[in-house]
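A.B. asks: Quick one: this structure, given as structure tokens, is what I'll be asking you about.
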Number of protein chains: 2
Amino acid sequence: MEEVAKVAGVSVATVSRALRTPEAVSQKLRTRIEEVAQRLGYAPNRIAGSLAGARTPLIGVIVPSLTNSFFASTLEQMTTLFEARGYQLMIGQHGYDTDREERIVAAFASWNPSALVVTGRNHARGTLNTLSSAACPVVEMWDYGDRPLDSGIGFSNHGAGELAARFFAEQGLTRAAFVGAILDKDDRARARADGFSETFRRLTGTEPLTVTVSSRELGEGGAALKRVLAQQPDTTAIAFSGDMLAVGAMFEADRAGLSIPGDLKILGYGDLDIARHTNPRLTTIRPPHNEIGEAVVRHVLERLDRPDTPGINLDLGVKLILRETV
Amino acid sequence: MEEVAKVAGVSVATVSRALRTPEAVSQKLRTRIEEVAQRLGYAPNRIAGSLAGARTPLIGVIVPSLTNSFFASTLEQMTTLFEARGYQLMIGQHGYDTDREERIVAAFASWNPSALVVTGRNHARGTLNTLSSAACPVVEMWDYGDRPLDSGIGFSNHGAGELAARFFAEQGLTRAAFVGAILDKDDRARARADGFSETFRRLTGTEPLTVTVSSRELGEGGAALKRVLAQQPDTTAIAFSGDMLAVGAMFEADRAGLSIPGDLKILGYGDLDIARHTNPRLTTIRPPHNEIGEAVVRHVLERLDRPDTPGINLDLGVKLILRETV
DNA sequence: GAATATAATGTAAGCGCTTTCATTTTGCTT
DNA sequence: AAGCAAAATGAAAGCGCTTACATTATATTC
């Protein structure tokens, strides 16, 4: 920057202004400086800029997994939206490990970002500390509950489970099962499972079978179907905590000669693209993943533009997408 | 840090050393300083640290898309591996837009990261400039070719296309088609398409049909199948540039009453989890996605540990996974 | 115990910007 | 043309650390 200033015959302060706040510099100098910077291939050092300016154009976002397509799409959307406003996403991934989350949050906070976005409401002590003493907006996404740390934008997973159970109950289905993946680690899947069981029991007076599998992938869905049928042969409906599991079960049902929805009804969760294309098409519960990304960006931007904006707590709800498997 | 120093009764330099290079400080002071820092909840400011130290623990990685499961899994793997060594990934996503890539690369470079990892070999002029003047290792991943900018780790997509064509030709299949998504933007898919067409023509003397669809999603696979059959009704084999397209086509074939592989042979690309579970199971070409992530991390770490390590250019190759659709 | 080597600590100079405040220039008014 | 407000520019003080170098304490040798 010093060099640009020298060549352009101005002070570094003016160069900084010309680049940072062009409207504060005369037209003539602005163009001259820009031209020189261009010619010299000057690239500002953002680290120095951030140290001096006490703010970075960074937004830390922490998700459990990058390969989970919900988070991936939320992330992709947020990246694009924030980028348009000059912010850059700093993405972290902890694999459902709260200790790892704690370390990542601490690391992110030390870059003092413009905002911090984390997934879920359940965090380690240290994470809570770091987050609540962070000098920036903090939003907890993908979950709804009372009293967010600062802002919360998501939906009730427990509610999604209830919806599934109520739907089954209304159809007069009494022999049901819930299949969930890594319920011990994924709090959201756990909440859906609990919501389902509690509601189904309350509404039908019968206890649903719950089976847990070790991953969200297709193969486990097929395996789960076998286990459900082994443990409760007269099962007529299964709710899955993920569409991929449901699709895996459909493939398995196909192999086993079971007809869907005739012999067995299947309800997914996620409304992945594939749900619209299976034979028959998969009935599923749709979480508001696009809405979450948008709402997070909108809220963070608002907070950044007008720092006195208060935090919010949003429940974006889920939708039942009726197709052909129930 | 000043406060920690005051409370511990030492200079800030000592505090810095105690935290950064503990072995350079006496046992007694080290524990005292650590204890004070802990008690005061001191969190170092990484921005200041990086400015002073002239290097950041950041590794910039730029991919076309976060929702593409190959990149997502490479990214997830790299995150974990680098994290273990104290590096943090800075992830960028440009949606196959070279101008956007250029901006992101410039933005990333201005944080002067420890390394920069980009996807592919085809970049805008400005990207090339920034990358070649970057003061850190640069690796181009997911593609193979001669003369990488610095290091290259990937495989030949053209070769993957050739493999598919050769496989079809060996089976005596002469009426074939290639279905690719966004061939105008995705250079890797384009290379596979070209590799397929050239090789198929050379080997069988007949021109394969090529159809382009607008996304990598299932629905487009089904649509593509209809188009192929409309344009070339006697088609006996189709190679897809992605497994999801192939699965979409299988669903459509099912609806149309076509038997696979009897009436039509289908070859995917990607070896996604789903390929192992369809009925029949999908024959596909497997890119070395895990190997890429590992190799990139290993190489970058090596370069960082021993700065005189030269760049490399690795072709990790693809594998044909024989299953039941061809 | 003096002399010397070695380890531990402190001092202070930046790292490359941004921003406040002071100064100069410009554009209007009368 | 003088006078003033407003706009444009420059000087300089940091931002919170790291690290080269100087200094002091400690260990080792004879």
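FYI, it's all coordinate maths here, none of it is from the lab. No experiment lies behind these values; they were computed from the predicted model shown. In this analysis, Cβ positions are derived from the backbone assuming ideal geometry, glycine residues included, and neighbour counts consider all displayed protein chains.
A.B. asks: In which sequence would A:L258, B:L322 go, from the one with the fewest C-beta neighbours within 10 Å to the one with the most?
C.D. replies: B:L322, A:L258
A.B. asks: So, in nm, how far is label B:A43 from label B:S215 when the simple model puts each one 7 Å beyond its Cα toward the Cβ?
C.D. replies: Going by the 7 Å Cα→Cβ label model, 3.8 nm.
A.B. asks: Now for a separate question. Could you work out, residue by residue across B:271-277, how many beta carbons of other chains sit within 10 Å of that residue's beta carbon, and then give the average as an integer?
C.D. replies: Mean number of neighbouring Cβ atoms from other chains: 5.
A.B. asks: I would also like to ask the following. Suppose a student asked you for the relative contact order of the range B:193-240, using Cα pairs under 8 Å spaced at least 6 residues apart; what percent would you report?
C.D. replies: For the range B:193-240, the relative contact order is 23 percent.
A.B. asks: Still on this structure: Express in nm, to one decimal, how much length is gained between A:N279 and A:L128 on full extension, taking 0.36 nm for each residue of separation and deducting their alpha carbon distance.
C.D. replies: Between A:N279 and A:L128, full extension yields 49.8 nm more.
A.B. asks: Using r as the Cβ-Cβ distance of B:R55 and A:E291, and R0 as 41 Å, what FRET efficiency do you calculate, to the nearest 0.05?
C.D. replies: Efficiency, rounded to the nearest 0.05: 0.55.
A.B. asks: Next question, about the same structure. Mind checking which aspartates and glutamates have their Cα closer than 15 Å to the Cα of A:K6? Skip sequence neighbours fewer than 8 apart in that chain.
C.D. replies: Of all the aspartates and glutamates, those that pass the test against A:K6 - Cα under 15 Å, at least 8 places apart if same chain - are A:E34, A:E35.
A.B. asks: So, one more: From other protein chains only, count the Cβ atoms within 10 Å of every residue's Cβ in A:85-91, then give the mean.
C.D. replies: Mean number of neighbouring Cβ atoms from other chains: 4.
A.B. asks: Still on this model: Once you have a ≥ b ≥ c as the square roots of the Cα gyration tensor eigenvalues for the range B:10-53, tell me rounded if a/c is under 1.5, and otherwise prolate or oblate according to whether a/b is larger than b/c.
C.D. replies: oblate
A.B. asks: Between A:T80 and A:S11, what is the label-point separation in nm under the 7 Å Cα-to-beta-carbon projection?
C.D. replies: 4.5 nm
A.B. asks: Right, another one. R0 = 25 Å: FRET efficiency of B:A24 with A:D99, Cβ-based, nearest 0.05?
C.D. replies: 0.30
A.B. asks: Looking only at A:A191, A:A84, A:A237, which one moves most when chain A is put into a Gaussian network model with springs between Cα atoms under 10 Å?
C.D. replies: A:A84
A.B. asks: Sticking with this structure for a sec: Counting other beta carbons within 10 Å of each residue's own, what order do A:T235, A:T79 fall into, fewest first?
C.D. replies: Starting with the residue having the fewest Cβ neighbours, the order is A:T235, A:T79.
A.B. asks: Only helical DSSP H runs with n ≥ 4 go in: add -39500 (n - 2.57) per run for the protein assembly as shown, normalise by residue count and round the 222 nm mean residue ellipticity to 500 deg cm²/dmol.
C.D. replies: After summing the helix terms and dividing by the residues of the protein assembly as shown, the value is -14500 deg cm²/dmol.
A.B. asks: Ranked highest first by the average count of other Cβ atoms within 10 Å around their residues, in what order do B:307-316, A:281-290 fall?
C.D. replies: The peptides rank, most packed first, as A:281-290, B:307-316.
A.B. asks: Please compare each pair in B:K185/B:K319; A:K185/A:K319; A:K226/B:K319; A:K185/A:K226 to a cut-off of 27 Å on the Cα-Cα distance and tell me which ones are over it.
C.D. replies: A:K226/B:K319
A.B. asks: Which is farthest toward the positive dipole end of the range B:1-111 among B:A48, B:S69, B:T79, measuring Cα position about the Cα centre, with Cβ charges +1 (Lys, Arg) and -1 (Asp, Glu)?
C.D. replies: B:A48
A.B. asks: To continue, here is another question. Sorted from fewest to most neighbouring beta carbons within 10 Å, what does the list A:E140, B:E207 look like?
C.D. replies: Ordered by Cβ neighbours within 10 Å, fewest first: B:E207, A:E140.
A.B. asks: Over the alpha carbons of chain A, what is the largest minus smallest coordinate on each principal axis, giving the biggest first in Å?
C.D. replies: 85, 38, 29
A.B. asks: Cβ neighbours within 10 Å, averaged per peptide: list A:298-306, B:151-159 in order, most packed at the top.
C.D. replies: B:151-159, A:298-306
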